[in-house]
Amino acid sequence: MSDAPAIAVSAALTQRPAHGGHTWAILQYLLGFRRLGFRVLFIDRLEASMLSDGGAPIPVEASPNYTFLRGLMSRFGLDGNYALLTDGGRSCLGLDREAIVELAGRRCVLFNVMGYLDDEQLLAAFDQRVFVDIDPGFSQMWHQLGLHDAYTGHDQFVTVAENIGRPECAIPTCGLDWKTTRPPVVLSEWPLQSGAPPRFTSVVTWRGPNGPLQFEGTTFGLRAHEFRKFTALPWATGADFELVLDIDPADATDRDALVDSGWTVCAPQVTANPDAYRAYVQSSRAELMVAKNMYVKSRSGWFSDRSACYLASGRPVVAQDTGWAANHPARDGLLTFRTCDEAAEAVADVEARYDIHSSAARELACELFDSDRVLPDLLSAVGFN
C-alpha cells in the first residue's frame, strides 16, 4: 500500500446508482481529498435485499449496483481504493477487511457520511471517526426523540447546518460539539461555462426516504411542502423553468399542477449518472433552489451542494433562504428569497443582468466552495493535519 497519508470516506453510493447528484456530493470529498495529496479509501456496503431478482439470488459480481460502483471508481481513477461490504460485512469486494484495518492503523481518519458505516470492528480500527451530517435536522431530532442513534462510535461531529447551536436554529445539538462545514466542489471538474441557455432548472426529489417529523410541537416537512408555495413562479415571471423531478405516482396531482403552471418536467433519468448530471447543470441558465421544509423551518443555514455546482459552472443561483444568508449574504451570482414574490424579483434581476451574475457565480464558488479551501478547513477543524 502507498505510504501517502490516508483518509477514508464511507457513504451510501451503491444503493443509489441512478442519482447523479448524490454521486457527485460524495465524489467531491473523494476527489477533493485526493487533490490535497491523500490516499483516499471509499467504503460502502450492499444490502442483501439488492442481491435478488424476483426472489432469485444474484451473485454480487453480477449486481447492477456493484457494476455501477466498479465503473464509477474506475471512471475517476479510484481503482484499488474502495471496499464494498457484503454479506453483513463478512465479505468485501475491492479491498478486503484486513486491508481496511491495516490502512486504518496508519493514522487514517474516517469521515462517515450520515454514520453509514456501522460495522463495529471496522469503526474501532480507526483512531479518529468523524460523523458527517449532510442532511441536517433528521438525525439530530431522531436522536433527541430516542428513535435512532447514528452517533455512537464517533469522536467528532461535522454538519453542513451552519447555524446549529445558535438561538435561531431549531436543530438540537444533542449535547455534541458540532463543527460546521460547507459542501466542497472540485473546481477542475466543474469548469466555467459560456453562453446563456434559456431555462432556469433544478433537480428535485419531491419527498425522499424520510417522512415529516414532529419535534417539540412543530412539524418539519419535506421539499414537497416548500415547492408547492412556488408552483405559480412561471406565471409570475414569464421565464422558462424546468425540473428534473423524482416524484411518486401517488403525487401525480402535484406533478400536474406544476405542468399546468408552466413548468417543463423531466424524468429523473435525465441526470441518472455523474456525466449526465454535470451536463444538465452546465446547460442551464441558472438554478432555482427550493429547499426541504426541514432545512427552511429549522433555520439550519444549510446550502445545497447542487447549488455550489451551478455556481462553479458560472450559472447563477436563486436560492431559498434556510438561514444561509446570515453566513454568506446574497449578492450578484447568488440571490435569495423567502416568498414567491421575492423569488420572482430575483429571477427578474438575473434576467436583466445575466452576464454580471454569471461571472460573479464562478467567483463565489472559488471563494466559498472550492474543495482546496473547504477541505483543509475541515481537516483543521477536526484536528487532522
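Derivation of every value follows stated rules applied to the coordinates shown; laboratory data play no part. Just so it is clear, the structure is predicted and the values come from calculations on it, not from any experiment. As a convention, Cβ positions derive from the backbone with ideal geometry for all residues, glycine included, and neighbour counts pool all protein chains shown.
The helix-based estimate of mean residue ellipticity at 222 nm for the chain, built from -39,500 (n - 2.57) per DSSP H run of four or more residues and divided by its residue count, is -9500 deg cm²/dmol to the nearest 500. Counting charges near S283 (Lys, Arg +1; Asp, Glu -1) among other residues having Cβ under 10 Å from its Cβ returns a value of +4. Mean-square fluctuations from a GNM of the chain, with a 10 angstrom spring cutoff on Cα atoms, peak among G94, G77, G32 at G77. On the beta carbon distance between R90 and A18, with R0 = 25 Å, the FRET formula returns roughly 0.35.
Taking label positions 7 Å along the Cα-Cβ direction at both A381 and E342, the computed distance is 2.4 nm, reported to one decimal. With 0.36 nm allotted per residue and the present C-alpha distance subtracted, the D177-A56 stretch has 38.9 nm of extension available. Under 12 Å from the Cβ of L51, count the other residues' Cβ atoms, weight Lys and Arg +1, Asp and Glu -1, and hand me the total. Taking every other residue near L51 into account, the sum is -3. Each residue, D240 and A4, gets one label point 7 Å from its Cα in the Cβ direction; the gap between the two is 4.2 nm. For segment 228-350, how big is the tail of P(r) above 26 Å, as a whole percent of Cα pairs? Above the 26 Å cut-off, segment 228-350 has 19 percent of its Cα pairs. Applying 1/(1 + (r/R0)^6) with R0 = 30 Å to the Cβ-Cβ distance of T264 and R331 gives a FRET efficiency near 0.55. Counted by Cβ distance under 14 Å from V109, the other residues give a net charge of +3, where Lys and Arg count +1 and Asp and Glu count -1.
Within straight-line reach of K229, meaning a Cα separation under 29 Å, sit the following lysines at least 8 residues removed in sequence or on another chain: K292, K297.
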